Amino acid sequence: MATEQVEAVRAVTMYREAYAFRITIVGILLAVVFGIFSSWFFHLQITRHEELHAKARQMYTTREKRVGNRGAICDRRGHVLVGNKFCKDVRADLTRMPDEQLPYIISCIAGELAVDRALLERRFYSRALDGTRTYKEVVVKNGVDIADAARLSALKLPGIRFLDSQRRVYPKDEMLANVLGFVNIDYQGVYGIESLCNESLSPNHGEITYEHDRQGRPLHRGTLPQQQVLDGKSVYLTIEEPIQYIVEKELRAMVEEFVPERACAIMANPRTGAIMAMAQWPTYNPNDRTEMAPSRWRNHMVSDVYDPGSTMKCIVVAGAIDYGVVDLETEFDCEHGLWYYCRTPLRDSHGYGILNVSDIICKSSNIGTAKIGVTMGKNRLFQTLRRFGFGKPTGIGFDDESAGLLRRPAKWDCLSVTRFPIGQGVSVTPLQMTQAYCALANNGEMPQLHLIDRIISSDAKVEAVVPPPHRLVLRGNTASKIVSAMVRVTQPGGTARKAAVPGHSVAGKTGTSQKLVNGSYSGHGKFIASFIGFAPASDPAFVLLVMADSPSTGTYYGGAVAAPTFSRIAKQTLRYLAVPPDLADQMSVNATTSWPHP
């Protein structure tokens with residue numbers, strides 16, 4: 001009995017020891033596991049908290065870009081010349097298009113979007129046949145009109161999707177196209193005002209951030225940082241659209257009549273330097289990129305040069321008067337139309353004898369003007385041309401503006417002093433010549449030509465563009481003297497009677513220059529016909545240059561080709577600006593009723 005009790009006690013003791021051991025082992029294991037998990041949780045919650053939190057937010061956070069609108073370009077009065085049009089970009093996901101439906105899908109797209117069927121087939125089938133059907137999408141067409149996209153969407157074609165987009169539009173088509181320029185596929189300005197003001201026109205794109213659930217539904221809790229969208233600023237030009245229309249209409253009429261290789265016209269306010277109109281031919285439609293050859297979209301008025309011919313005579317004579325070398329009554333022997341200098345002949349179109357300086361301008365005598373140049377001498381002649389801005393850019397802002405060609409006196413030859421005064425051997429841009437005549441029209445003060453009037457931000461803040469102060473290039477009485485001679489040019493007996501405007505005094509000068517072709521002024525029969533002037537001569541509202549490069553039908557003289565176009569433009573512009581007549585009786589304007597000399 002006692003033995004059995006001992007054995008029982010021993011068994012219980014062993015069981016308890018075994019149980020305690022197992023409990024201890026389990027406890028140790030649980031402690032180890034707990035330690036591992038605690039360490040792991042510590043690692044996750046403390047050590048890698050920021051990393052994992054960022055990953056979680058990345059998985060359940062979406063950032064969407066918000067695209068701002070590029071700024072508009074307007075004329076001075078707010079008429080929109082360049083804007084934006086909302087549209088759709090069409091994409092195709094080939095992985096969602098069954099092979100047997102490709103012909104039908106291509107046919108639908110080609111019909112609704114006017115896309116070349118062969119082009120679509122190359123894009124679609126090349127992806128299907130070369131094993132790259134996993135490629136995400138194919139560009140079908142960008143800039144699709146909303147209505148066209150809606151019709152295509154209604155067909156519910158598989159794999160077709162539409163992205164919100166916009167494209168640059170030019171509502172006036174060809175009007176001012178060479179000045180406005182255009183943008184590239186990335187909506188960045190490439191040429192013209194679009195490039196010059198690209199920084200102001202470009203928007204600041206924004207971004208919105210939000211959290212979403214597993215199904216992508218936004219969770220509206222708390223606020224997340226947002227980057228504000230700012231539309232581009234609107235640029236207001238100095239251009240007057242109604243005047244621009246007049247200039248382009250009459251320039252086309254001149255082109256149709258005389259068929260030149262190129263033609264242009266520039267109008268500027270001589271008091272402020274504001275460009276009022278600027279047109280050239282040939283031009284292009286920036287809405288249609290199929291005809292955008294550089295010869296059409298480049299602004300030749302800024303980048304290309306020509307020999308100005310007789311329009312340079314007023315500049316040189318003004319300089320001679322300002323230096324005190326001559327006065328309007330100073331006389332020169334014009335050699336009856338033929339004069340030799342440095343053993344080289346110089347001719348006039350008519351055989352004149354003794355002419356005073358005023359008559360030399362009125363009759364446009366080459367010989368008389370050349371003798372004035374000789375009287376001035378090389379240095380005074382060069383300084384005159386430099387003061388009037390030749391040989392350097394006007395600073396209007398375009399990257400491709402030419403400085404023209406004006407060699408320094410050290411590089412002149414024997415004939416230069418006689419040829420530069422008549423506009424040969426010195427090359428200028430139409431813009432430079434317009435700026436020079438602004439000085440004549442503005443009492444000897446040359447304004448800075450400019451195209452930008454003001455810039456307005458999306459929150460209506462106005463940034464006025466203040467051009468630099470005028471430069472004095474002539475004394476006031478010198479300018480009035482040369483203007484009096486220029487008025488005679490448009491009166492009976494002058495070379496530009498067809499430039500006259502009924503009821504208004506007009507001062508100006510014709511130009512008929514031989515064109516430099518392959519280094520030669522002769523043997524090709526090409527001329528540049530031009531007229532530049534201002535009206536009313538007593539208080540000019542504008543300076544206007546009209547030029548035709550190589551007219552091929554009829555005559556080629558500036559007084560017959562460009563002067564009538566000047567007259568038509570000036571007449572309509574003066575009426576638009578409501579400028580009152582300054583001639584009480586237009587019939588009194590004749591050869592004997594001259595502009596009074598100061």
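Throughout, read-outs are computed from the coordinates displayed, never taken from laboratory work. For clarity, every value in this text was computed on a predicted model and none was experimentally measured. Please note: Cβ atoms are built from the backbone with ideal geometry, for glycine as well, and neighbour counts cover all protein chains shown.
Observations on the structure shown:
- Under 14 Å of direct C-alpha separation, and excluding same-chain neighbours fewer than eight residues apart, residue 526 reaches these aspartates and glutamates: 261, 307, 549.
- Neighbours of residue 438, meaning other residues whose beta-carbon lies under 15 angstrom from its beta-carbon, give a summed charge of +2 when Lys and Arg score +1 and Asp and Glu score -1.
- Cα centroids of the range 182-199 and the range 100-116: 33 Å apart.
- Interchain or long-range residues, amide H under 5 Å from residue 330's placed H: 357
- The separation of the range 525-559 from the range 240-304, counted between C-alpha centres, amounts to 14 Å.
- Residue by residue, the range 345-355 carries 3J(HN,Hα) couplings of x, 10, 10, 9, 5, 10, x, 9, x, 7, 10 Hz when phi is fed to the Karplus relation 6.51 cos²θ - 1.76 cosθ + 1.60 (θ = phi - 60°); x denotes Gly or Pro.
- Amide hydrogen proximity for residue 365: with H placed 1.01 Å from N in the peptide plane, no residue at 5 or more positions away or on another chain lies under 5 Å.
- Within the shell defined by Cβ-Cβ distances under 11 Å, the residues around residue 115 carry a net charge of -1, with Lys and Arg each +1 and Asp and Glu each -1.
- Taking 4.7 Å between beta carbons as the limit, the unpaired Cys residues of the chain are 74, 87, 108, 197, 264, 314, 334, 362, 438.
- Residue exposure proxy: 234, 552, ordered by other Cβ atoms within 10 angstrom of their Cβ from fewest to most, comes out as 552, 234.
- Principal-axis tilt of helix 378-387 within the chain, Cα atoms, nearest 10 degrees: 50
- Restricting the range 314-367 to GluC sites (Glu not before Pro) in coil, as DSSP defines it, with at most 12 other Cβ within 10 Å: 329
- Farthest toward positive dipole pole in the chain [+1 Lys/Arg, -1 Asp/Glu at C-beta], among 176, 24, 442: 24
- Note on 26, 247: ascending count of other Cβ atoms within 10 Å places them as 26, 247, the fewest first.
- The HN-Hα couplings worked out from phi for the range 536-542 by the Karplus form 6.51 cos²θ - 1.76 cosθ + 1.60 (θ = phi - 60°) are x, 5, 6, 7, x, 8, 6 Hz, whole numbers, x standing for Gly and Pro.
- Selection of GluC sites (Glu not before Pro), the range 246-308, meeting DSSP coil and at most 12 other Cβ within 10 Å: none
- Going from the fewest other Cβ atoms within 10 Å to the most, the residues 317, 179, 417, 462 appear in the order 462, 417, 179, 317.
- Compactness ratio for the chain: Cα radius of gyration over 2.2 N^0.38 Å (N = residue count) comes to 1.57.
- Table column - 3J(HN,Hα) (Hz), the range 557-569, Karplus curve with 6.51, -1.76, 1.60, x for Gly and Pro: 7, x, x, 9, 9, 8, 4, x, 5, 4, 4, 5, 5
- Surrounding net charge for residue 141, when Lys and Arg each add one and Asp and Glu each subtract one, Cβ distance under 12 Å: -1
- Cβ charges +1 (Lys, Arg) and -1 (Asp, Glu), total dipole of the chain, debye: 460
- Subset of 509/571; 313/498; 88/233 violating a 22 Å alpha-carbon distance limit: 88/233
- DSSP-loop trypsin sites (Lys or Arg not before Pro) across the range 296-359, with at most 13 other Cβ within 10 angstrom: 343
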